[in-house]
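The values are calculated or read from the model by the stated rules, or taken from the named source; none is laboratory data. For clarity, every value in this text was computed on a predicted model and none was experimentally measured. Quick reminder, even Gly has a Cβ in these numbers, built from the backbone with ideal geometry, and neighbours come from all protein chains shown.
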Amino acid sequence: MQKESNNWNTNQYKNHASFVSDMAEDLVEVLNPKKDETILDLGCGDGTLALKIKQKCQNIIAVDLSNEMVEKTKSLGIEAYIMSATNLEFENKFDAVFSNAVLHWVKQSKLAVQNINKVLKQNGRFIAEFGGYKNINTIVQAIQEVFNQNKDYGVFNNPWYFPTTQEYKNILEQNGFEVKSINLTIRPTSVDDISNWLNIFANGIISHLNKEQKESFLLEVKCILENKLYSKEQGWILDYVRIRVEAKKII
């Protein structure tokens, strides 16, 4: 996965965010990798899904902005590089680009799509899933509320990009793709604790705060969300919404 701070703890990610790759295993089936293909895993995270792809396709290259994640992926025997979705250093190389839970971190969406097009061979396919319109909306509102109540925190710089299907379809079609399918799915997602989720996925938002402010932020956000996303019966269920895209390079 890709984000502005790129400060990922691989052990923390494995212990508290394995659902990211677990819930996208069927996306590998949509990709349907072939033995003789060359595939790019864009935003490989800890390499879990890249490893699954490699079981069917030996020619896989993985990229991520996090050095920690790239090193973890390399340890699995996968060729991996530190690289941004908006600056891919390949051209006409891949039969497919695969990406899970990454592109909602990339606000320069048009540039990312142009780079994906550039690295694909003619008729190459783009298979992706990421946060869509109103993804984690309750969490974003809670974070904004806490920043509003604590002026010493500064401004809440929202790092996420959650487009509508029509918005993203337009970007793809305007940049050389034929969209085979694009769907928005409401997907309530269970996590062990909202504090762990915030520590992993919102750490860039609060990286400028001191230790005391960070602890206060976590407590305040958790307090707001407890009545909205938590129950004794089900635990923490977050309001995830995902976009899934299947597209083909035609230009």
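Some observations on this one:
- Set side by side, the residues 155, 221 differ, and just one is of a type outside the set (Gly, Ala, Ser), surrounded by 14 or more Cβ atoms within 10 Å (Cβ to Cβ) and at pLDDT 95 or above, which is 221.
- Criterion (modelled with pLDDT under 95, assigned to a loop (DSSP other than H, G, I, E, B) and surrounded by fewer than 24 Cβ atoms within 10 Å (Cβ to Cβ)) met by exactly one of 7, 15, 11: 7
- Residue match in region 78-95 (condition: within 27 Å of residue 203 (Cα to Cα), assigned to a loop (DSSP other than H, G, I, E, B) and charged (D, E, K, R)): no
- Filter result for the condition that a residue is under 18 Å from residue 171 (Cβ atoms), at pLDDT 95 or above and either of a type outside the set (A, V, I, L, M) or over 20 Å from the mean Cα position of the chain (by Cα) (or both), over 141, 122, 114: 114
- Of all residues making up region 101-128, the number that are part of a strand (DSSP E or B) and under 11 Å from residue 85 (Cβ atoms): 1
- Selection from region 174-211 of residues that are assigned to a helix (DSSP H, G or I) and either touching a strand residue (DSSP E or B) at 6+ places or on another chain (Cβ under 6 Å) or touching a residue at least 12 places away in the same chain (Cβ under 8 Å) (or both): 194, 195, 196, 197, 198, 199, 200, 201
- In region 139-158, the residues that are of a type in the set (Ser, Thr, Tyr) reach residues that are not in a helix (DSSP H, G or I) with C-beta atoms within less than 8 angstrom, at least six apart or across chains, in these pairs: 153/206; 153/209.
- Among the candidates 47, 43, residue that is on the phi > 0 side of the Ramachandran plot, touching a residue at least 60 places away in the same chain (Cβ under 8 Å) and surrounded by 24 or more Cβ atoms within 10 Å (Cβ to Cβ): 43
- Look at region 159-171: where a residue is in a loop (DSSP other than H, G, I, E, B) and a partner is modelled with pLDDT of 95 or more and among the charged types (D, E, K, R), sitting 6+ places away or on another chain with Cβ atoms under 7 Å, you get 161/107; 162/134.
- Check on residue 142, surrounded by 19 or more Cβ atoms within 10 Å (Cβ to Cβ), farther than 30 Å from residue 212 by Cα and not β-branched (Val, Ile, Thr): no
Per-residue answers, yes or no, for (1) among the hydroxyl-bearing types (Ser, Thr, Tyr); (2) surrounded by 17 or more Cβ atoms within 10 Å (Cβ to Cβ); (3) touching an Asp or Glu at 6+ places or on another chain (Cβ under 7 Å):
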| residue | (1), (2), (3) |
| --- | --- |
| 172 | no, yes, no |
| 178 | no, no, no |
| 182 | no, yes, no |
| 187 | no, no, no |
| 192 | no, no, no |
| 197 | no, yes, no |
| 204 | no, no, yes |
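- Residue that is farthest from the chain's Cα centre (by Cα) [pool: residues in region 80-97 that are closer than 15 Å to residue 249 by Cα and of a type in the set (A, V, I, L, M, F, W, C)]: 94
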